[in-house]
1. For the stretch 564-586, enumerate the residues that are open to solvent by 20 Å² or more (accessible area, probe 1.4 Å) and not in a loop (DSSP other than H, G, I, E, B).
2. Checking the condition open to solvent by 10 Å² or more (accessible area, probe 1.4 Å), outside any loop (DSSP other than H, G, I, E, B), closer than 20 Å to R204 by Cβ and touching a Phe, Trp or Tyr at 6+ places or on another chain (Cβ under 6 Å), which residue from P268, P272 passes?
3. Restricting attention to the stretch 78-114, report how many residues are closer than 24 Å to K50 by Cβ and not in a helix (DSSP H, G or I).
4. Does N241 satisfy being closer than 28 Å to S445 by Cβ, open to solvent by 50 Å² or more (accessible area, probe 1.4 Å) and not in a loop (DSSP other than H, G, I, E, B)?
5. Please find, within the stretch 204-238, the residue that is modelled with the lowest pLDDT out of those that are surrounded by fewer than 20 Cβ atoms within 10 Å (Cβ to Cβ) and at positive phi.
6. Among (1) under 14 Å from L4 (Cα atoms); (2) open to solvent by less than 30 Å² (accessible area, probe 1.4 Å); (3) outside any loop (DSSP other than H, G, I, E, B), where does L281 come up short?
7. Could you run through the stretch 544-563 and say how many residues are touching a Leu at 6+ places or on another chain (Cβ under 7 Å) and not in a helix (DSSP H, G or I)?
Amino acid sequence: MKVLKFGGTSVGSVESILNLKKIVEACDEPVVVVVSALGGITDKLIATSKLAVAGDNAYLTSYNEMVERHHNMIDAIITDNARKNALLNTVDGLLGQLKGIYQGVYLIGDLSEKTMGTIVSFGERISSNIVATLIENAQWYDSLQFIKTKRKQGKNFYSNSISAPLIKQAFADFVSGKVGHKVCLAGGFISTDANTGEITNLGRGGSDYTAAIIAATLDARVLEIWTDVSGFMTADPRVINTAYPIDSLSYVEATELCNFGAKVVYPPTIYPVYVKNIPILIKNTFHPEDKGTIITANSDKSSRAIEGISSINNTSLITVSGLSMVGVIGVNQRIFTALAANGISVFLVSQASSENSTSIGVRNEDADAACEVLNNEFAKEIELGAMFKMKLERDLATVAIVGENMKHTPGIAGKLFGTLGRNGISVIACAQGASETNISFVVESKSLRKSLNVIHDSFFLSEYQVLNVFICGIGTVGGSLLEQIARQQKKLMKERNLKINIVGIASGHNAMFDRNGIDLAQFVSGKTLSVEKLRAALKEAPASNIARLKDEVVGMNIFNSVFVDCTASSDVPQLYHDFLSHNISVVAANKVAASGDYANYMRLKATARQRGVKFLFETNVGAGLPIINTINDLCNSGDKILKIEAVLSGTLNFIFNTISADVPFSETVRRAKEEGYAEPDPRVDLSGTDVIRKLVILSREAGYKLSQEDVARELFIPQSFFDGTLDEFWQNLPSVDAGFEAERKKLDAAHKRWRFVATLDHGKGSVALKEVDERHPFYGLEGSNNIILITTERYNQYPMLIQGYGAGASVTAAGVFADIMSIANI
């Protein structure tokens, strides 16, 4: 024999109630079925009561809507006229009683707890009769006759000692097989007072409890709870769209999840069946084929340290504090005795080891009353100054991670709080029992979604680790980066379980944001991402500016987030500090921040360290070459950079490798721009400004305090070229061709070449056009490649050499991509 319970959603519509019929009639053993009221009816009963007691005759309209709801359901599911008429007589009789009660409430303007208890009972009394008529070979049983409560501290509590014998008596013939029916049908939730016989109830969600009580009393084989979800989920699917059903839980794990907001099962439900070691199976009425969640004494253990995450959003935290609490016995007893006497439930306790404060978590609706009770309890101590008035913090949320494997896994708490900290989530209070099956903590309500997502992601409850990326700038580098991400997404998900979620794309004028991820597939043409399609779509997106960019990125408050700057803007870097301060990592292809004001550079680095996030700019020097990372590794391992010599401008290297008798200097500059090596204004490259920025960045990463104005610069074209307009520059540029050609011939004859070299020598920086001979490592540098020689205390006689592509959109984008991946590997 087994017990099946169907909740309000399972009897809320014609579809669901017919599914219920199929599920019950498919059982090949005797079953007891417990049902809730039709979905939404209990709330409607309460709302109608409030209208009636307020003297609002709209209660009649509300009542008639309930009558119509039940009649429509009966008409839709009961096809046999004789059975339908008999059912209507029963239901209309109950509805008539309900109407009479409402009329009385309306006339006298009073609504007692006793009357309310009677009113809300009609939902289950009516629904259970409807389902009993619908199911073949079923018999209705009146729960009011055998579910009994006793009054304690102003509340109704289930009495097992009185109810158990009555349940056994009511179902004796059914259990022994002396009756002809296969199905027993009873209403959940409802009960009567053992002394007065007045109608009471087991509390909202009490239908689960009714089913568990009957299952335990009759020694059922299993308790099945049918609802609208396919079992316990790893987290709330309304918040985490990657949440999925948990196959199995222990009684302890399920209880912990229920107590902290998982509304799959009413918390008291578990204890009666736990005592009898009866399994609980959670199933989906709408998808009965789904496996569901089985709850037993010893669940099939997974390899995960935690099984699920649960939360309570409406949390208030009350702190009881005072120096007089230290070492005084009985303070906590007074706290909890006073609260219990006033019917206030505490679900979290956190006490400092110094004993001078205790924080308790209560629901928002109990907060003011709890403060008043405690202020009264400790009024004398407060008056004497030995204790402080209660400190109340509202708008909080409590999160619990649950799993019996935590007790066998060191470092869970450290990983939990480290993960929260890196994502900028401040923990206000925390609690963990010695059983180590539950770690609970309190955060601000606004951080709840972020907390749940980052925990779900970090503890591998999600199928993928998610990295949420904002990309600013979709020019050549930004566009190439998006192409590369689109190509790699599936591979990273398959091989690395990493999902790169593009949650924002911005240009100088427009921006699109979606916290669930912008679907790049909509911009695919053929098999590759069409950047042109994306740019066209972006032009249709809402207008954007620096203020909106900051508000959207910070305001999204999303976990594991990275802001990627692929612009050359001087405005965007001004947002870096705000982003880092909000635990958003920054990856910059933009050189402005790292080469600009030294104090700001140091502030950004310090903020990133303090917040546990990353500020990365590898591509600022050498595009995708691992130059900055190498310097960092050398310094972090105790080496000292003595000298750096480098050709850092792919543009200038391209120019001086291309110049020849047939290709004059002015033409090489034009080609560099056309092929994407040069900046939109090539004078940035020709002036050495770009190289100076790169040298400053390397110097700073090597541990030297250097600014752009500290670098000595030797120009190789007249200063006047930099003073006029860009058009004037292009017009005047051919005038230097003859001079360059004459010098080129001399170099050629001497077997030498030009290289624009950046030098850092014991903290002094310079850039200049130099002649190198065949023996120099820079001589054979081809195309737009970069090369760098690093002399250190360790690499002294034979400097370290790094060489490769140092310019171009694709290699720069690849370097940015590598920085993003390094953040994913934190």
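1. Correct list: Q574, H577, D578, S581.
2. Working: P272 fails: touching a Phe, Trp or Tyr at 6+ places or on another chain (Cβ under 6 Å).
Just a single option satisfies the conditions, and that option is P268.
3. Result for the stretch 78-114: 4.
4. On the way: closer than 28 Å to S445 by Cβ: yes; open to solvent by 50 Å² or more (accessible area, probe 1.4 Å): yes; not in a loop (DSSP other than H, G, I, E, B): no.
Taking the combined requirement at face value, the residue does not satisfy it.
5. The qualifying residue modelled with the lowest pLDDT is G205.
6. That leaves (2) as the condition not met.
7. Matching residues across the stretch 544-563 total 2.
Table: residues versus (1) among the β-branched types (V, I, T); (2) open to solvent by less than 20 Å² (accessible area, probe 1.4 Å); (3) in contact (Cβ under 8 Å) with a residue 40 or more places away in the chain; (4) under 13 Å from N785 (Cβ atoms).
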position	(1), (2), (3), (4)
E618	no, yes, yes, no
P626	no, no, yes, no
N629	no, no, no, no
I641	yes, yes, yes, no
L652	no, yes, yes, yes
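The values are calculated or read from the model by the stated rules, or taken from the named source; none is laboratory data. Keep in mind that what you see is a predicted model, and the values were worked out from it rather than measured. Every residue, glycine as well, gets a Cβ built from its backbone with ideal geometry; the counts of neighbours run over all protein chains shown. To get the accessible areas, we keep the full protein, side chains included, count just its heavy atoms, and leave off ligands, DNA and RNA. Shrake-Rupley method; radii C 1.70, N 1.55, O 1.52, S 1.80 Å.
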